[in-house]
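For reference, the structure is listed below as structure tokens.
What follows is calculated from the coordinates using simple rules that are stated; it is not laboratory data. A quick note: this is a predicted structure, and the numbers were derived from the prediction, not measured. Here the Cβ positions follow ideal geometry from the backbone for every residue, glycine too, while neighbour counts run over all protein chains shown.
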Amino acid sequence: MELANYGKRLDDHWRGICSASQISAPGHSDVGLSVARITGGPNFGFVDPVPAQDGYALSLELIDYQRGDLWLDGRNTPQIDLKRNNSVLFDLRHKVEARLEDPFDTIHFHIPHRYFDALCVASGRPAISDLNFVSGHGFFDQTLMHLGMAMIPALERPAESSHLFLDQMMVALCTYLANTYGVALETRPGPQGLVPWRLKRAKDLIASRLSGNLTIAEIAADCGLTPSYFTRQFAASTGMTPHRWLLKMRVEAAKQLISEGRLSLVEVALSCGFADQSHLTRIFSREVGTPPRTWARNMLPRHLATPAGVRSGEGNF
């Protein structure tokens, strides 16, 4: 596989007798910033070699793994503590070859070094020269575990994953890696929370793009801030991340359309940026505490909750 294609096509690289599902980070597909869930059975054998490149691979182990071999630049390298919930980093500046014997199940991130460079430039800090780790040695990091686990629903239902969520998760992951295992990206003192005009601008931009097809970088740039600083200050102002705010706005828009009683739930879902009716029902139930149909029956006049002339089979409430 060509060097430039590994991060862009993790699914192709690993597909065969294993299963791989991949999502590329919006706005960074050209550099191969991506995440995949990769699973395989026993005696997988040799993996296609990964040519040397300027970047890192991070894997979160979802099951214990013990038997197999790893070579870096042709030298056999021990793999240690690849236990469930442990993380393992690989320096892709070395040619990586592996032979897998045990079943495996991992959340696998491909992170080009220039993505770290972009984060550092945006925050006005010197670029990190490296991350401090030993390739192939597993370690437990609670934050990395939670960030990796948070990607599982997105990989299972990629159609429901907004650009905002994926971008937010990648910024959080890479900022944490740089701050914890490299040179700190950003420490900016000052009051917590966005000033009112920036908060309003951010909320208005999110509300105008309920599809979620915008990135943290876009919102931050509109507010004149760096992505990582904006994300922290937005959370300090609202008590939630930009992606959670997006979901809240989608639900509020759905309530308005449901109260008007003209559209089916399928149409409401698509109008408000949800992938489908089941996606709407799941998020609506979590945010409101009751499914859309129940909310309509309890909150609206009967003639609106059950609009005349509509067949229930068409997805109306």
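Normalised by the number of residues in the range 81-221, the mean separation of alpha-carbon contacts (under 8 Å, six or more apart) gives a relative contact order of 31 percent. Residues GLU218, GLU61, GLU101, arranged from fewest to most other Cβ atoms within 10 angstrom of their Cβ, appear as GLU101, GLU218, GLU61. Fully extending the segment from ARG93 to ASN298, taken as 0.36 nm per residue of separation minus the present Cα-Cα distance, adds 67.8 nm. Modelled spin-label separation between ASP276 and ASN132, with each label point placed 7 Å from Cα along the Cα-to-Cβ direction: 4.8 nm. In the neighborhood of LEU205, defined by Cβ-to-Cβ distances under 9 Å, what is the net charge if each Lys or Arg adds +1 and each Asp or Glu adds -1? Charge balance near LEU205 sits at 0.
Per-residue counts of other Cβ atoms within 10 Å, averaged by peptide: what ranking do you get for 154-167, 281-294, highest first? Walk me through the intermediate numbers first.
Numbers: 154-167: 18.9, 281-294: 16.3.
The densest-packed peptide leads the list: 154-167, 281-294.
Amide H contacts of SER21 (H built 1.01 Å from N, in plane; Pro and chain starts excluded): ARG37 sit under 5 Å, all sequence-distant by 5 or more or on other chains. Relative to the Cα centre, the charge distribution of the range 215-256, modelled as +1 at Lys and Arg Cβ and -1 at Asp and Glu Cβ, gives a dipole magnitude of about 220 debye.
By the beta-carbon count within 10 Å of each Cβ, the least crowded to most crowded order of HIS113, HIS94, fewest first, is HIS94, HIS113. Measuring spread by the Cα atoms of the range 124-249 yields a radius of gyration and Dmax of 15.6, 47 Å.
Radius of gyration (Cα atoms) of the range 188-239, expressed as a multiple of 2.2 N^0.38 Å: 1.06. Charge tally for ASP141 (other residues, Cβ to Cβ under 15 Å; Lys, Arg +1; Asp, Glu -1): 0.
Going by average Cβ density within 10 Å per residue, which order do the peptides 102-108, 204-210 take, highest to lowest?
Highest mean packing first, the order is 102-108, 204-210.
A dipole drawn for the range 188-239 from +1 and -1 charges on Cβ atoms has a positive end, and of GLY193, THR226, ALA207 the residue lying farthest that way is GLY193.
Put simply, the amide H of CYS272, placed in the peptide plane, has no neighbours under 5 Å, leaving out anything fewer than 5 places away on its chain.
How much length would be gained if the chain were fully extended between ARG201 and GLN256, taking 0.36 nm per residue of separation minus their Cα-Cα distance, in nm to one decimal?
Working: separation 55, 0.36 × 55 = 19.80 nm, distance 2.20 nm.
Roughly 17.6 nm would be gained on extension.
Sequence-ordered 3J(HN,Hα) estimates for the range 86-103 from the Karplus curve with 6.51, -1.76 and 1.60 and θ = phi - 60° stand at 7, 9, 9, 10, 10, 8, 7, 5, 9, 5, 10, 10, 8, 10, 10, 10, 7, x Hz, glycine and proline given as x.
For the range 211-261, the calculated P(r) over all alpha carbon pairs, in 5 Å bins from 0 to the bin holding the longest distance, is 5, 20, 23, 22, 14, 9, 6, 3, 0 percent.
Go through 226-235, 77-86 and give me the packing order, highest mean Cβ count within 10 Å leading. Don't skip to the answer; put the middle values down first.
Values: 226-235: 22.2, 77-86: 16.4.
Going from most to least packed, we get 226-235, 77-86.
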